[in-house]
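Chemist: Pasting a structure here, questions to come.
Any read-out appearing in this document is the output of simple, stated calculations on the displayed coordinates, not a laboratory observation. What you see is a predicted model; the values in this text were computed from it and never measured. Note that we place each Cβ from the backbone using ideal geometry, even for glycine, and neighbour counts take in every protein chain shown.
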Amino acid sequence: MIDLSICKEGLAHNIRRAREHNVIIPTIAQMQNPDLIPEKIKEKLAKTDLWAVDPINLFRINWHNEAKESGGLFQKVPNYIEIPSALSGVPCRILAMAGKWFPTGCHKVGASYGCLVPRLVTGQFDATYHHAVWPSTGNYCRGGAFNSKLLAVDSVAILPQDMSKERFDWLKSIAGQIIATPGCESNVKEIFDKTWELKQDPTMMIFNQFAEMGNPLWHYNVTGTALAELFEAVKKPGQRLAGAAFTSGSAGTMSAGDLLKERYPKAKLAVGEALQCPTIVNNGFGGHRIEGIGDKHIPWVHNVRNTDMGIAIDDEDSQRLLRLFNTPEGQKYLKDELKMSDEQIEKFTWMGISGIANVLCCIKMAKWYELTEDDVLVTVLTDSAVMYKSRVEELNEMYGAYTVTEAAKDHALHMLGLKTDNMLELTYPERKRVHNLKYYTWVEQQQMKVEDLDDQWYKPQVWDEVHAQAAELDKLTEAFNAEVGLL
Ligand SMILES: Cc1ncc(COP(=O)(O)O)c(C=O)c1O
C-alpha cells in the first residue's frame, strides 16, 4: 500500500508553493476521462505548446491528447497505430497506443506523476526542503525532472552514461542536477548504489520507480483504462482481446495488463525483455540496446504472478527496424513494396526502440497462440523515434548507407522471419522462480522486507489494494487544489 498519511507542515509548504507557481494538479479520474477537466484549463491548453514548461501541461499527462505539437486538446480515442498484416506477417490485429503525445514525448511522465503526487499532496515530500531524486535509465528521470519543474520542485536526475545523447541534451535544460552513473541500459544496480549514497543527505527524497507503488497505480488506472477504451473503440464484430505485451523496464506499464486481465479474463499478458539480457526467460544478464527496458533484475512493482509469458527480443531486430522506419529508403520500401499510405508511414515513426520491441513481442505472441483475424493484441509505444535520431545515424555509420534492398532484407529477416523461439509460457513454478529473483535485489540489497515480498505472492489482493488507492489519492488531490484556490 502507498502511505497516504498527512504531514501537515510539508503540506502547508506545498500548498503555498503551488499557489505561488500557479500549480493545479490533475486527478487520476481526469486522466481517465478528460471531459472532467475544467473548461478554464482547456482554454489555457489551447494556447500552450506540448512540451512547454508550464504547470498547465500537467493536464497533458494523458493518453487522450490530440496529436499536436501546440494547442492540442483531447480526443475520445487515444492515439494509436495499427500494424497491418502486410507488415507484421500475422493475421491478428496489433494496436499500439502512442506515448509520443505526452509532454516530454514519452508516457513515463505519468509514472513520475504516480510516484511524486502521493507524497506531494500528503506533504511527506516538502517542496521547500526536499530535492526529488529520479533514478532511471532515462525517460522516467526526464519525466520526473519535467514534472518537478512544473511543480516548482528541485530535481536530481540519475541515469547511465551510455544512454542516448537526446536524453542528456534535453535533461540539461530541465533538471537541477544530472548524475551519470557507469554503464548502459542494464546497469541499474549502479544507479541504486548512487541513490544510497545520496540518501545520506536528508534533503534528498528518492522516487524509485522500480519500487514505488505509485507507478503501477498510475498505469493500472490510466494506461489500462485507455487500452481497454482503445480496444472497445476499434474492435470489429466478433473480435476479442487476445492479450497484451509490454517490454519491462520498471514493469509499471505491466500493470495496465492487470486491468485488462480483469476486464477480459481470457486475455494473456506477456512481458518482454532483451535476448541479450534475458533475466525473466533465463535468469540471464548482459548489456543490450533496447533503451528503457531490462535491467538485470525483477522490479519490486512487477506483479509476476499475473504474468503469463516471457518473450526475449533480439536487440538487433529492433535496431534494424528502427532504421527501416526512419530513413527515406526504408520509407520508400514501405510505400512502394508494401503499399503503405503516407499517414501510416508517418505513424511508424511514433515507435521508439522499445515500442518496436513491443510490437515484435505481439508478433511472436500471435505466432505462439496461432491468433487469427478475430484476435486483437494491444501494446504501447513508450516513446517515439524522435528520441533516437542519433542512433539511426550511428547505425548508418556502422552498416553503411541504407538502400531499398536492405530495407526489404530487414523486413524479411527482422520482422516477417520472427519465430516462437526465446519465449516461455510461465507455469506456476516458472512464475515463482521469476518472483523469487526479487529476493536478491530487493531484500538482500535494497532493504525491503521479506514479509512484503511473500505478501506479493501469497496475498494477491495487495495489488488490488494499491490499484484502488487511486480514489483516495484523488480526494487528497482535490483537497490540495481546493486549498491552493486557483480553480
Ligand atoms: C523507452 C522506454 N521503453 C520502455 C520502458 C519500460 O516501461 P516500464 O518502466 O513501465 O516498464 C521505459 C521505461 O523507462 C522506457 O523509457
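Chemist: Scan the range 320-354 for residues that are more than 16 Å from the ligand (Cβ to nearest atom), β-branched (Val, Ile, Thr) and in a helix (DSSP H, G or I) and report the count.
Modeler: Total meeting the criteria: 1.
Chemist: Also, quick follow-up: Tell me yes or no: at least one residue of the range 290-304 is touching a strand residue (DSSP E or B) at 6+ places or on another chain (Cβ under 8 Å), closer than 17 Å to residue 437 by Cβ, part of a helix (DSSP H, G or I) and within 16 Å of the ligand (Cβ to nearest atom). Let's see the steps before the verdict.
Modeler: Filtering the range 290-304 down to residues touching a strand residue (DSSP E or B) at 6+ places or on another chain (Cβ under 8 Å) leaves 290, 292-294, 302.
Next cut, closer than 17 Å to residue 437 by Cβ only: 293-294, 302.
In the following step, the residues that additionally are part of a helix (DSSP H, G or I) were identified as none.
No: zero hits.
Chemist: For the range 199-208, what are the residues that are surrounded by fewer than 19 Cβ atoms within 10 Å (Cβ to Cβ) and under 27 Å from the mean Cα position of the chain (by Cα)?
Modeler: Residues of the range 199-208 surrounded by fewer than 19 Cβ atoms within 10 Å (Cβ to Cβ): 199-204.
Scanning the range 199-208 gives 199, 204.
Chemist: Suppose the filter is crowded, with 22+ Cβ neighbours inside 10 Å and either under 17 Å from residue 382 (Cβ atoms) or in contact with a strand residue (DSSP E or B) (Cβ under 7 Å, 6 or more places away or on another chain) (or both); does residue 226 pass it?
Modeler: Details: crowded, with 22+ Cβ neighbours inside 10 Å: yes; either under 17 Å from residue 382 (Cβ atoms) or in contact with a strand residue (DSSP E or B) (Cβ under 7 Å, 6 or more places away or on another chain) (or both): yes.
The answer is yes for residue 226.
Chemist: Please go through the range 174-212 and give me each residue that is within 14 Å of residue 155 (Cβ to Cβ) and part of a helix (DSSP H, G or I), ordered by number.
Modeler: 195, 198, listed by residue number.
Chemist: Moving to a separate point now. Within the range 276-290, is even one residue among the basic types (Lys, Arg), in contact (Cβ under 8 Å) with a residue 60 or more places away in the chain and out of contact with any Gly (no Cβ under 7 Å at 6 or more places or on another chain)?
Modeler: yes
Chemist: Considering only the range 233-250, I want to know if a residue exists there that is without any contact (Cβ under 8 Å) to a residue 60 or more places away in the chain, closer than 30 Å to residue 207 by Cα, surrounded by fewer than 21 Cβ atoms within 10 Å (Cβ to Cβ) and away from the ligand (no atom under 16 Å from the Cβ). Even if it seems obvious, please write down each step before you answer.
Modeler: Filtering the range 233-250 down to residues without any contact (Cβ under 8 Å) to a residue 60 or more places away in the chain leaves 236-237, 248.
Checking the rest, the ones that are also closer than 30 Å to residue 207 by Cα come to 248.
After this cut, where a residue has to be surrounded by fewer than 21 Cβ atoms within 10 Å (Cβ to Cβ) as well, the list is none.
No, because not a single residue in the range 233-250 is without any contact (Cβ under 8 Å) to a residue 60 or more places away in the chain, closer than 30 Å to residue 207 by Cα, surrounded by fewer than 21 Cβ atoms within 10 Å (Cβ to Cβ) and away from the ligand (no atom under 16 Å from the Cβ).
Chemist: Write out, first by first residue and then by second, each pair whose Cβ atoms fall under 6 Å of each other, whose residues are 6+ apart or on separate chains, and whose first residue, in the range 363-387, is in contact (Cβ under 8 Å) with a residue 40 or more places away in the chain and in a strand (DSSP E or B) while the second is more than 11 Å from the ligand (Cβ to nearest atom) and among the polar types (S, T, N, Q).
Modeler: Qualifying pairs under 6 Å: 376/239.
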